[in-house]
Amino acid sequence: MKTELNLLGENELIALCKEQLPYIPTGFEELVKRYQKKVFYLCKRYLSAESDAEDATQEVFMKVFHALQSFDNRSAFTTWLFSIAINHCKTLLAKNQLHNQRYEYGNDQAESDYLDDNEDNSSDAETLDEKKCIQEVIHKMKPDERDMILLRFTSELPIDDIAEIIGKKLSATKMGFYRALEKFKDLYEKFCL
């Protein structure tokens, strides 16, 4: 049965999960397998630290586990999932004030851990500097601009799904996205080049 689960479409898998949960987790395990990496990368962009992103990803899927029965298919599952993930990350940032601790002062431990794990530290240090700079640029943006950039490039969502997640009309989302992209480019040139 596990091999057949990966052949199911998204709506079929959601229906199976609703039938099985909370007693049979096989459908939900496939759901997690399909979306865990995307949710993790989105959380990592918000929270910066990998351990915080791992915890947040688990918490997001726990929320999904408990709320899946109320998912009504008015939107795509991914839209609903990423809405939960974004809101959870924003709550964590506000609650723990991670934003000020991680983005203004940096995370030197993560850098040293990264460098210790790699043999060729010179090229890895350049990659790390580039990633840190991009992370800093993203966090210099307004929250709605950051959401659009992260949803588009980290989660690879189409603009119409992003519009639904952030609760704006498609035309306003398109315009906002292109403005956010221009702002990102300007900030990147200013701080990273």
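Laboratory data are not the source of any read-out in this text; all were calculated from the coordinates shown. This one's a predicted model, so the numbers in the text were calculated from it and none came from an experiment. Every residue, glycine among them, receives a Cβ derived from its backbone with ideal geometry; neighbour counts consider all protein chains shown.
The table below gives the values:
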read-out: Pair Glu19, Glu156: separation of 7 Å Cα→Cβ label points (nm); value: 2.9 nm
read-out: Counted charge near Leu170, where neighbours are those whose Cβ lies closer than 13 Å (Asp, Glu -1; Lys, Arg +1); value: 0
read-out: Separation of the His66 and Leu170 label points, Cα + 7 Å toward Cβ, nm; value: 3.5 nm
read-out: Set Lys37/Lys140; Lys131/Lys169; Lys37/Lys168 screened for pairs whose C-alpha atoms are more than 30 Å apart; value: Lys131/Lys169
read-out: Simple spin-label estimate for Asp129 and Glu4 in nanometres, 7 Å along Cα-Cβ; value: 5.6 nm
